[in-house]
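Student: Before anything else, here's the structure in question.
Every number in this text was worked out from the coordinates using simple rules, so none of it is lab data. On a predicted model such as this, the values are computed, not experimentally measured, just so you know. Cβ placement follows ideal geometry from the backbone for every residue including glycine, while neighbour counts extend to all protein chains displayed.
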């Protein structure tokens, strides 16, 4: 009952004219960045951080969350119409979505993608509503040792679910953790790796690094590959699916909601993973799996639902534990920190009005997205006609102003540039960048909790196995580490066998 | 050396660098771990992982420096223009610096005609100055000429 009373309170806040407007702007901008290949939700959120400075915090988080789930919603449009995934989570949608377009069923594919996204998104919000407060209550009992063990699990999960080999992902994680140690030590006040540069006393800024690695680095990488393809522009009356398509979609949509929501809880590339798992599940369950890839509606319904449900799932560890599970969420966390709000176990109990207004706004936002994405599909498609070479200078300038506006610091612009170059080279080397940025953000907490645990136990490491939750989490993280090492060794053996053949 | 090994070498060298710097920080005791413990462990781990990456990837192939340099012409131009923007934004002021920066990007990198580049850059520089500086109230450098 409490949940519904709180939700009603949330709706009261979210239904203010300003918050509805901000939710609409977030969803619209999110759909646009989702449609445009090369600008994902992360860059979309990062670019609008300066815009939130003048807003009160509830409005700011409502708008930023709107961009996050709006980008997932919009990502399917280009996959279906052009065979270009607007967002990496929509890669799978290309397989059957584009084939449907070639068969003249683009409208139906877009409709089912939007419908599935709405169902998946809405069910996931219900999940957040019930699970996040429970998890936050549980986390209130956490001491530093439990928090340390939980973060350790998050890092090893990142290692297993990262896009590249385990060693490469772990290298990125450790590099992020190391850079997170730069600045003044929070427990002793000692300066570390600052080289007398005052701008580094507070550590390396997350905003310039995130914007640099993802926004700037992405542009450096993409400048060589701008390409304009033919775009199919469906008419509104072509959008309705037929009865057979509707019948074939409902089960994949329900399954996709469950798959996406639970995979979304895991750190790493949950959106991509959820859409792949959903696609594989649908293919396995299909009577004629060989038809997948030739324009099956299930191949659009399942993955598109799953990646939207994953956005909801990913909000739970973020809001309840303060652990961002993906780079876009991490940038959202940065924005909240700038506004003086720290997501985590105390967030829901101390700032219930913000939490419930956000939940309510997500229900509203999901409806706005259905209303936006279907009728405006023609407009979004027109955006794709703007050549990338005309777009990237604007994005670069906004990245620079966005970074500069945080602390009015030229040094942070240099950090942005340096991070962009680093991001460019890591992309060339095919290293996954998400673990790096997540480690940079969570790193200081990991170190703090590790040292606080030892201080509390008087220097005894037994604190990590005497408390049951800590022990359970440490055992789980060790199992994950063992599994990853086993996978890496097996991979090397297989490569050697293949070479011998 | 191929590109995979170059990645391993990079991590090894960064690990080594941080390790040498970490050794100068106080390590403390088990009861009171110092600020040097965490960086020390991490830098050691990074150097080890870098070494493992270096030796676990195949040694065949070479980095195609010439081809890579050719492909990197546009990114290099963007990096240099951005560096110039960062350096000159203070003395020139935001408005002229952003105009020159955008013009450089549109004309030299995107290869638009000069009058198109100049027109679009002018509109965008003025528009961004008005939106961020006037509407959002972000302080943007005025430069020596108070522009």
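Student: Using the per-residue mean of other Cβ atoms lying within 10 Å as a proxy for protection, in what order, highest first, do the peptides A:164-171, B:23-30 fall?
Tutor: Top of the packing list down: A:164-171, B:23-30.
Student: Can you compute the modelled spin-label distance between residue A:186 and residue B:84, with each label point 7 Å from Cα toward Cβ, in nm?
Tutor: Simple spin-label model gives 4.2 nm for this pair.
Student: Continuing with the same structure: Which three extents, in whole angstrom, do the alpha-carbon atoms of region A:346-459 cover along their principal axes, largest first?
Tutor: So the extents along the principal axes, rounded to whole Å, are 65, 40, 33.
Student: In degrees between 0 and 90, to the nearest 10, how far off the longest principal axis of chain A does helix A:270-285 point, with axes built from Cα atoms?
Tutor: The angle comes out near 50 degrees.
Student: Which angle from 0 to 90°, rounded to the nearest 10, does the C-alpha axis of helix A:434-456 make with the longest principal axis of chain A?
Tutor: 30
Student: Where does helix A:41-52 land angle-wise versus the long Cα axis of chain A, in degrees 0 to 90, nearest 10?
Tutor: 70
Student: Treat region A:1-148 as a sphere of radius equal to its Kirkwood radius over Cα pairs and apply Stokes-Einstein at 20 °C in a medium of 1.002 mPa s; give the translational diffusion coefficient in µm²/s, rounded to a whole number.
Tutor: D = 125 µm²/s.
Student: On average, how many beta carbons from a partner chain sit within 10 Å of the beta carbon of a residue in B:36-43?
Tutor: 6
Student: Let me ask something else about it. Obtain the nm distance between the two label points defined at residue A:466 and residue B:144 by a simple spin-label model: each point lies 7 Å from its Cα along the Cα-to-C-beta direction.
Tutor: Once both label points are built, they end up 6.7 nm from each other.
Student: Can you classify chain B as rounded, prolate or oblate using the Cα gyration tensor, where a ≥ b ≥ c are the square roots of its eigenvalues, rounded means a/c under 1.5, and otherwise it's prolate if a/b beats b/c and oblate if not?
Tutor: oblate
Student: Quickly rank B:43-49, A:101-107 as a protection proxy: mean count of other C-beta atoms within 10 Å, highest first.
Tutor: Final packing ranking: B:43-49, A:101-107.
Student: According to the square roots a ≥ b ≥ c of the eigenvalues of the Cα gyration tensor, what is the shape class of chain A, taking rounded for a/c under 1.5, prolate for a/b larger than b/c otherwise, and oblate for the remainder?
Tutor: Taking the square roots of the gyration eigenvalues as a ≥ b ≥ c, chain A is rounded.
Student: Moving to a separate point now. What ranking do A:242-251, A:436-445, A:326-335 get when scored by the average of other Cβ atoms within 10 Å per residue, highest first?
Tutor: Going from most to least packed, we get A:326-335, A:436-445, A:242-251.
Student: With a Cα-only, solvent-free Debye model of region A:261-306, what are the log10 I(q)/I(0) values at q = 0.14 Å⁻¹?
Tutor: -0.33
Student: Moving to a separate point now. For region A:251-381, what does the alpha-carbon gyration tensor say about shape, rounded, prolate or oblate, given a ≥ b ≥ c as the root eigenvalues, a/c under 1.5 as rounded, and a/b over b/c as prolate?
Tutor: Taking the square roots of the gyration eigenvalues as a ≥ b ≥ c, region A:251-381 is prolate.
Student: I would also like to ask the following. Starting from the 7 Å offset along Cα-to-Cβ, what nm value, one decimal, do you get for the label separation of residue A:285 and residue A:17?
Tutor: Simple spin-label model gives 4.6 nm for this pair.
Student: Quickly estimate the mean residue ellipticity at 222 nm for the protein assembly as shown, helices only: each DSSP H run with n ≥ 4 gives -39500 (n - 2.57), and the total goes over all residues, rounded to 500.
Tutor: -23500 deg cm²/dmol
Student: Using a 10 Å cut-off around each Cβ of peptide B:110-122, what is the average number of partner chain Cβ atoms that fall inside?
Tutor: Going residue by residue through B:110-122 and averaging, the value is 2.
Student: Tell me, A:190, A:223, A:78 in order of fewest to most beta-carbon neighbours within 10 Å?
Tutor: With the sparsest Cβ surroundings first, the list reads A:190, A:223, A:78.
Student: Hey, what did chain A get for relative contact order, percent, Cα under 8 Å, at least 6 apart?
Tutor: Dividing the mean separation by the residue count of chain A yields 28 percent.
Student: Would you mind ranking A:356, A:118 by Cβ crowding within 10 Å, fewest neighbours first?
Tutor: A:118, A:356
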